[in-house]
Amino acid sequence: MNQTVEFLANLVNTLPFAKASLPWLVPAVVGILLSLVLPNKQESDVFEME
């Protein structure tokens, strides 16, 4: 498990903006772009309140 944590820490540190404490920026932008491209799958009427 410790090797997995080290690997993930090294992976995050190689991301752009990691030195500026912004390693979350690239995955956030990728997630936003994917959410704009992928179709909306929430078409159920089950959770609508009346």
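The values are calculated or read from the model by the stated rules, or taken from the named source; none is laboratory data. On a predicted model such as this, the values are computed, not experimentally measured, just so you know. With ideal geometry, Cβ positions are generated from the backbone for all residues, glycine too; neighbour counts draw on all protein chains shown.
Given (1) modelled with pLDDT under 80; (2) part of a helix (DSSP H, G or I), identify the lone condition not met by SER44.
(2)
Give all pairs with beta carbons closer than 9 Å in which a residue from the stretch 1-16 that is within 14 Å of PRO27 (Cα to Cα) meets a residue that is assigned to a helix (DSSP H, G or I); count only pairs at least 6 apart in sequence or on separate chains.
Every condition considered, the pairs that remain are VAL12/ALA18; ASN13/LYS19; LEU15/LEU25; LEU15/VAL26; LEU15/PRO27; PRO16/LEU25; PRO16/VAL26.
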